[in-house]
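*Asks:* Please see the structure below; I have some questions.
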């Protein structure tokens, strides 16, 4: 199958290109930046470039995006050009080319304000059915791109799968207070309880989505490590996370003591991957344990 991967110079795009090449596939990688994994250099906001890239393509994995950290460095128009116009160009040309599967890398940031419960409330249990309330231009444009994908499925019959990815980036946390209080490995380990996925698992979710898209037609899925928590844990999680974790994963206490690590005092949300496991057949390999 001929696969077009956008954002091929990025963290996820490179990982996808590496795995696809290793499997014997010869994917087309497009990115603004030249890299060992980019075969076409250019912007997806350029409709003519997108058209040229789509020749002979059977599936698109659209991972190119301006990310949340770019909110501080890029204009709102830049987000619209990349995340909305670029997605529209890809959808239009994918439809013309008769693409069989369109997989869009979205983000749990589309949930926005729904992720932060008020003081005294339980932690939020986040499934695909939670209302989206984006709180910045990144979340707004990712949600708009999701809606474009759904529109093209409803009106043009383009099989489209949306993957709302949780954190998988290797960079340190963007909050200085967190960086100052915890080692980076400690932060990431804590996040595997409720808001992080390993890059290997994110890649496998995308490749499964390519396979499943023609049969499923359309779907939105949260991509996150499998949490050990249940809804019964939510009140304690938000008030005393170490106690909730000790109840579900008691071995963590000894391991963290040996490493000199700390659990977060409060956890405000839990991402739930049940639908991705049930409908995509996704089996993430990495979790908190």
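Where a number appears in this text, it was derived from the coordinates with a stated rule and is not lab data. This is a predicted model, so every value here is computed, not measured. We place every Cβ from the backbone using ideal geometry, glycine too, and count neighbours over all the protein chains shown.
*Asks:* Suppose R0 equals 45 Å; then what is the FRET efficiency for residue 151 and residue 174 from their Cβ-Cβ distance, rounded to the nearest 0.05?
*Replies:* 0.90
*Asks:* Continuing with this model, one more query. Grab every C-alpha pair in the chain, bin the distances at 5 angstrom width from 0 up to the longest one, and report whole percents.
*Replies:* 1, 6, 12, 16, 18, 16, 12, 8, 6, 3, 1, 0
*Asks:* Give the residues of segment 258-289 whose amide nitrogen is closer than 18 Å to a point set 7 Å from the Cα of residue 181 in the direction of its Cβ.
*Replies:* So the set is 260-270.
*Asks:* Under 8 Å for C-alpha pairs, at least 6 residues apart: give me the relative contact order for segment 74-196, rounded to a whole percent. Show your work: numbers first, answer last.
*Replies:* Numbers: 121 pairs, mean separation 37.2, N = 123.
Once normalised by length, the contact order is 30 percent.
*Asks:* In nm, to one decimal, how far is the residue 286 label point from the residue 34 one, both placed 7 Å along Cα→Cβ?
*Replies:* Each label point lies 7 Å from its Cα, and together they span 3.1 nm.
*Asks:* When only alpha-carbon atoms count, how far does segment 1-83 stretch along each of its three principal axes, as whole angstroms with the largest first?
*Replies:* Sorted from largest, the Cα extents of segment 1-83 read 39, 25, 19 Å.
*Asks:* Continuing with the same structure: Rg to Rh ratio, segment 142-282, alpha-carbon atoms and Kirkwood radius?
*Replies:* 1.05
*Asks:* Here's something else I'd like to know. Between 220, 21, 175, which gets the highest mean-square fluctuation from a Gaussian network model of the chain, Cα cutoff 10 Å?
*Replies:* Greatest mean-square fluctuation among the candidates belongs to 175.
*Asks:* Among the DSSP beta bridges whose two residues both lie in the chain, what percent are antiparallel, rounded to the nearest 5?
*Replies:* Working: 0 of 30 bridges.
Antiparallel: roughly 0 percent of the beta bridges in the chain.
*Asks:* Any idea how far apart residue 2 and residue 22 come out in nm if each label point goes 7 Å out from Cα toward Cβ?
*Replies:* For residue 2 paired with residue 22, the spin-label model returns 2.6 nm.
*Asks:* Let me ask you something else. Using Cα centres only, tell me the gap between segment 117-134 and segment 1-63 in whole Å.
*Replies:* 35
*Asks:* With an 8 Å cut-off on Cα pairs and a minimum separation of 6 or more residues, tell me the relative contact order of the chain in percent.
*Replies:* The value is 18 percent.
*Asks:* Let me test this: with uniform point scatterers at the alpha carbons of segment 87-194, what is the Debye-based log₁₀ I(q)/I(0) at q = 0.14, 0.17, 0.18, 0.21 1/Å?
*Replies:* Per q value, in the given order, log10 I(q)/I(0) is -0.71, -0.92, -0.99, -1.16.
*Asks:* Let me ask another. With an 8 Å Cα cut-off and a minimum separation of 6 or more residues, compute the relative contact order for segment 152-268 in percent. Can you show the working numbers first?
*Replies:* On the way: 125 pairs, mean separation 37.0, N = 117.
It rounds to 32 percent for segment 152-268.
*Asks:* Something else: Can you give the FRET efficiency for residue 253 and residue 51, using 1/(1 + (r/R0)^6), R0 = 35 Å, r = Cβ-Cβ distance, to the nearest 0.05?
*Replies:* With a Förster radius of 35 Å, E is 0.05.
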